[in-house]
Structures are given as structure tokens and as C-alpha cells.
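Have a look at the structure below, then the notes.
The values are calculated or read from the model by the stated rules, or taken from the named source; none is laboratory data. Keep in mind that what you see is a predicted model, and the values were worked out from it rather than measured. Positions of Cβ are generated from backbone atoms using ideal geometry, with glycine treated the same way; all protein chains shown enter the neighbour counts.
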Amino acid sequence: MRSLEKAEVSVVASIHPWRRQPGDALQSVTETLKLPSMKAKEESPRRPEDAQLWAAVDAKLLQEAPEEALRIADTALIRAREAGDKRGQATALYLSIHAKAIQEDREVIDNLPSLLREVAALYREVGDLTEEESILKDIMGYQLGRGAKNEVSKMEAEIRDLFAAKKQEVPAALLRIAAVHYASGGAERARLLAEEAVEAAATLGDQ
């Protein structure tokens, strides 16, 4: 297995870590672009068992033991499948994908968008719009890292579609998309999206 090139390392890094504390990126967007403060919807609390799995995998990754992290995630995935636990499957599959990417698994890296879509589909099955959006943003971050502008535009549109029938949530959703661009160095696109979010919020206030 060949080592990852510098650009590919950036692509792999786009999955998982940045979205853990989206508030930091959102705050940077509003402060840097001098926009009115807008609070984005917080991530939904994870079930205790899912939170424990995240913590266990993260601990091994911090210890630079990705093989052990993968073992933990894959064991949890098998158990979730046996129990018919779709939410548990989504969490474990996501963490398994990340652990493999960290180990420079070429097949995983080359097929990251399609693999992440499997995770998004599981979250959709259980009706977790927040986590589904987060996975789609990971795919968008991956495409930003590759410089795939057309794919980035498609992902933006797909995330927007999640909230097409929920106008009250559109401003915050736009800010979250802006945060992905900002975290990837796309300050100008982040500005445009953030300004659109402000306008959308103002429109809602007039209704």
C-alpha cells in the first residue's frame, strides 16, 4: 500500500474530526465575516451506548492505535447488525470507515462517498435528520478536499433539500454548510452562504 500524498491526507482528514465541534467553525464564520450572531441547531444527543462507542474508538485513535480502534468499531457493528439496531449500525459503520481511512486503506479512501452514503441511509431509516446531515457534510468536506466543485455543489443542494419543508431550520442549516466551506479554506463561499442565512432569517422574522 503506497503512502498517501499530501492532498490525500487532507481529504482523509475531512471525515470525522471537524464536525465534532461545529460551533467553533460557526462562531469563526460569524465573527470573521462580521455577521449577526446566529445560533445553529445543536447536534442531537447520542444514546449512551453510541456515545460510549465513540469515546472508546476516539481513545484508541488518540493513542495512535487505529487497529484496536477498528477492532472495537467492527465488533460493535457485528453486534448491532445481529440485534437489528440500525442506529447502532450507523455509528459503528461510520467509526469503522474512519479507522480504516486513518490506516490508509486505499479501497476505503477511493470509495469514501459511497461508503458514507451507506451510513447516511441508516440514519435516514431511523429518522435522524441531524446525523444524516452531518454525514452528507462529511461527503461535502471530502469533495472540497479533492477540489471537485461539481460534486460539492451537488452535496450542497442535497443538504438544502433536507430542509426544503422546514423553513424555520433553513438559516441554521445554511450556516452549517458555510462552516464546512470555512473549515476547508473557502471563506468567500462561506460568506455568501452566511449572508443568505441572515436574509432567510430576516424573511422568517417578517412573516
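Taking the stretch 165-207, which residues are of a type in the set (D, E) and without any contact (Cβ under 8 Å) to a residue 24 or more places away in the chain?
Within the stretch 165-207, E188, E196, E199, D206 meet the criteria.
Against the definition (in contact with a Phe, Trp or Tyr (Cβ under 7 Å, 6 or more places away or on another chain), at pLDDT below 95 and either surrounded by fewer than 12 Cβ atoms within 10 Å (Cβ to Cβ) or among the polar types (S, T, N, Q) (or both)), how does S28 come out, yes or no? Full working, then the answer.
Working: in contact with a Phe, Trp or Tyr (Cβ under 7 Å, 6 or more places away or on another chain): yes; at pLDDT below 95: yes; either surrounded by fewer than 12 Cβ atoms within 10 Å (Cβ to Cβ) or among the polar types (S, T, N, Q) (or both): yes.
Criteria met by S28.
Look through A172, A187 and report the one residue that is under 30 Å from D110 (Cα atoms) and out of contact with any Cys (no Cβ under 7 Å at 6 or more places or on another chain).
A187
Pick from the stretch 58-98 the residues that are among the small types (G, A, S) and closer than 21 Å to E133 by Cα: which of them is surrounded by the fewest Cβ atoms within 10 Å (Cβ to Cβ)?
Step by step, filter the stretch 58-98, then rank; the result is G88.
Is it true that some residue in the stretch 65-85 is out of contact with any strand residue (DSSP E or B) (no Cβ under 7 Å at 6 or more places or on another chain) and either under 26 Å from A179 (Cα atoms) or at pLDDT below 90 (or both)? Give the steps one after another, and end with the answer.
Here is the first cut: in the stretch 65-85, the residues out of contact with any strand residue (DSSP E or B) (no Cβ under 7 Å at 6 or more places or on another chain) are 65-85.
Checking which are either under 26 Å from A179 (Cα atoms) or at pLDDT below 90 (or both) leaves us with none.
The answer is no; no qualifying residue exists.
Here is a list of conditions, (1) of a type in the set (F, W, Y); (2) within 11 Å of the chain's Cα centre (by Cα); (3) under 30 Å from A202 (Cα atoms), and F163 meets all of them except one; can you say which number that is?
Looking at each condition in turn, F163 falls short on (2).
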